[in-house]
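Step one of this worksheet: look at the structure below.
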Amino acid sequence: MIDVSVKKHNINTLKTINAKDRIKEKNEELLIEKSNSIFLLVTCSALIISGILARNVTWLQWLLLIPTLTMLFLAIISTKKQEKPIPYEKPPFVSLIIPAHNEEYTIAQTVTSISKIDYTLNGKPNFELIVVNDGSTDSTGEKLSELKKDIPILRIVTRKPPKSGKGKGFVLNDALSLSKGEIIGVFDADTQVEKDFLNIVMPYLNNPKVQGVQTRVKMYNKDENFLANMQHVEFESFGNTLIAKDNLGKSGFLGGNGQFVKKQAILDGEKWDGFAVTEDLNLSVKILLKGGQIRYCGETAVYQEAVTDWKSFFKQRTRWAIGNFETIFIYLPKILKSPLPLIKKYGIIEHISFYAFNLFIFFGFIVSMLNAISWFIFHGVTIIRMDAPLIVGIISTIAFIPGISIALLREKAGPLKFIKDIIGYWIYCFHLIPLFFETMFKMIIRKERKWDKTKHKGIEE
């Protein structure tokens, strides 16, 4: 007994030391992120202001040439058919995890929907469902207890203060330690799926090089208002990009909802980073840096709730943007030093620098619109000069259109809706300009990382 106690004490001491070292490392990273945010904010602001004062943004046209050419290239590649996955001879056991914090309006519908998935082996469910009630103060716990009576595969894990509410990555790691599956799936607490969902997704992982797969995401309340519909269009466009990345060597990225990863790949990457604001993006980069592949499954989808008011929307998107900038500030040196081919390095950097480049893309659109208005009113006079060759200007202007057009055509949008959604989405994307500055400001003033989750309202049916 004494020997066991001593060993246990030594293990706990080692865990404490490791935790302190980890916290110290993350505090150092926080300082790096702050200094890089200040540098990026000052640089971007200086470029924009100097361009306006000098009335010349020719530099902007050249700066955007590579990302806009990339957009066009990805749009073309997305039209190619993806490699067809080969089903498993014996389908793997899957652990499905749902982190839940104050989800009383959606948790019952989500658990019910997922529990009805038809994925069996020898006549029995070939998956388990783990819901982690992370310090909920509403009726989430009571609703889960009621669901447990009718859903045998449901396992409920309850986290309480002071452990709860620290980050989604910590929640997922707790569930991971209890999971039995060789494949781990993650769903948000507002998810709806079709019954054949897992049977369609699992074959994408039947390849030793493939470590993860991201499924298509759709909004089940897309018809509620303009903002909800634009998020639906946005995810369709993002899915289109992931199809292209799948065709270019299976180099996609995981999203928070509907992601599936081999358990060993998560363990090899030292699990989810509980300190990361976007733990899914963080895990994606770690998998890709180790030479792993991530596929995209567009044959089926997870349906989730779109945010329907601008205040909540900006709160959600600021968190996503902070996660992107965290990743690029910390992982950029590792990406550049990695033995990966140059094209794969560029693919990772292009993906995680999305918010920075889009600031300039839509600033460029504003300048172009002002010049067009001025040209018509003042007969050929432009307000701010853009002196790059005409072809550069044309590419920068039209690069946005093919990708979104292909995505809408895949949705089988009618002619009127097609035009309406393209114009609407173009207008919607201007939110990326204030979002950049809000994100930089919050990264500079924040003192700690927090899991600032999106609140879900639920639907009648």
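Since every read-out is calculated from the coordinates, none of them should be taken as a lab result. The structure displayed is predicted, hence computed values, not measured ones. Cβ coordinates were reconstructed from backbone atoms using ideal geometry, including for glycine residues, and neighbour counts include every protein chain displayed.
Considering only alpha-carbon pairs that sit under 8 angstrom and 6 or more positions apart, the relative contact order computed for the chain is 22 percent.
Against the longest alpha carbon principal axis of the chain, how many degrees, from 0 to 90 and to the nearest 10, is the axis of helix 310-337 turned? Value to nearest ten degrees: 90.
Highest mean first, the peptides 273-285, 4-16, 313-325, 42-54 sorted by other C-beta atoms within 10 Å per residue fall in the order 273-285, 313-325, 42-54, 4-16.
Rounded to two decimals, the Cα-based Rg/Rh of region 94-342, with Kirkwood Rh, is 0.94.
Net charge in the neighbourhood of L14 (other residues with Cβ under 13 Å of its Cβ; Lys, Arg +1, Asp, Glu -1) is +4. The convex hull drawn around the Cα atoms of region 383-461, when projected onto a plane and averaged over every direction, covers 10.5 nm².
Take each peptide in 62-75, 182-195, count the other Cβ atoms within 10 Å of every residue, and average; sorted highest first, the result is 182-195, 62-75.
Peptides 150-160, 108-118 ranked from most to least packed by the mean count of surrounding Cβ atoms within 10 Å: 108-118, 150-160.
Assign one of three labels to region 151-229, namely rounded, prolate or oblate, based on the Cα gyration tensor with a ≥ b ≥ c the square roots of its eigenvalues; rounded applies when a/c is under 1.5, prolate when it is not and a/b is larger than b/c, and oblate otherwise. Oblate.
If R0 equals 22 Å, the separation of the Cβ atoms of A54 and V381 corresponds to a calculated FRET efficiency of about 0.85.
As a calculated quantity, the FRET efficiency between E146 and K337 at R0 = 45 Å, using C-beta atoms, amounts to about 0.30.
For region 65-118, the convex hull drawn through the C-alpha positions has a volume of 207 cubic angstrom per residue. Counting only DSSP beta bridges with both residues in region 94-342, the antiparallel share comes to about 25 percent. What the Kirkwood sum gives for region 270-410 is a hydrodynamic radius of 18.7 Å, with every pair of different alpha carbons counted. When +1 charges are put on Lys and Arg Cβ atoms and -1 charges on Asp and Glu Cβ atoms, the dipole computed for region 228-366 relative to its Cα centre reaches about 480 debye. Taking the charge dipole of region 94-342 about its Cα centre, with +1 at Lys and Arg Cβ atoms and -1 at Asp and Glu Cβ atoms, the residue from P125, L281, L332 reaching farthest to the positive side is L332. Charge tally for K166 (other residues, Cβ to Cβ under 13 Å; Lys, Arg +1; Asp, Glu -1): +3. Straight-distance candidates among the lysines for linking to K263, with alpha-carbon spacing under 16 Å and chain neighbours fewer than 8 residues away dropped: K180, K209, K271, K286, K290. For region 94-342, the Cβ-based charge dipole about the Cα centre amounts to some 880 debye (Lys, Arg positive; Asp, Glu negative; other atoms uncharged). For the chain, the residue among S5, V233, V171 whose Cα projects farthest onto the positive side of the dipole built from Cβ charges is S5. On a per residue basis, the convex hull of the C-alpha atoms belonging to the chain measures out at 175 Å³. Take the Cα of I76, step 7 Å toward its Cβ, do the same at K90, and the gap between the two points is 4.6 nm.
When you restrict to C-alpha pairs under 8 Å that are six or more residues apart and normalise by the size of region 94-342, the relative contact order lands at 22 percent. Positive contributions from Lys and Arg (+1) and negative ones from Asp and Glu (-1), summed over other residues with Cβ under 15 Å from the Cβ of M230, come out at -3.
When both bridge partners sit in the chain, DSSP labels roughly 25% of those beta bridges antiparallel. Dipole check for the chain: with +1 at the C-beta of Lys and Arg, -1 at the C-beta of Asp and Glu, and the Cα centre as origin, the magnitude is about 1080 Debye. At q = 0.10, 0.15 Å⁻¹, what is the base-10 log of I(q)/I(0) for region 86-226 according to the Debye formula with one equal point scatterer per Cα and no solvent? Please give it to two decimals. Scattering profile of region 86-226, log10 relative to I(0): -0.35, -0.78.
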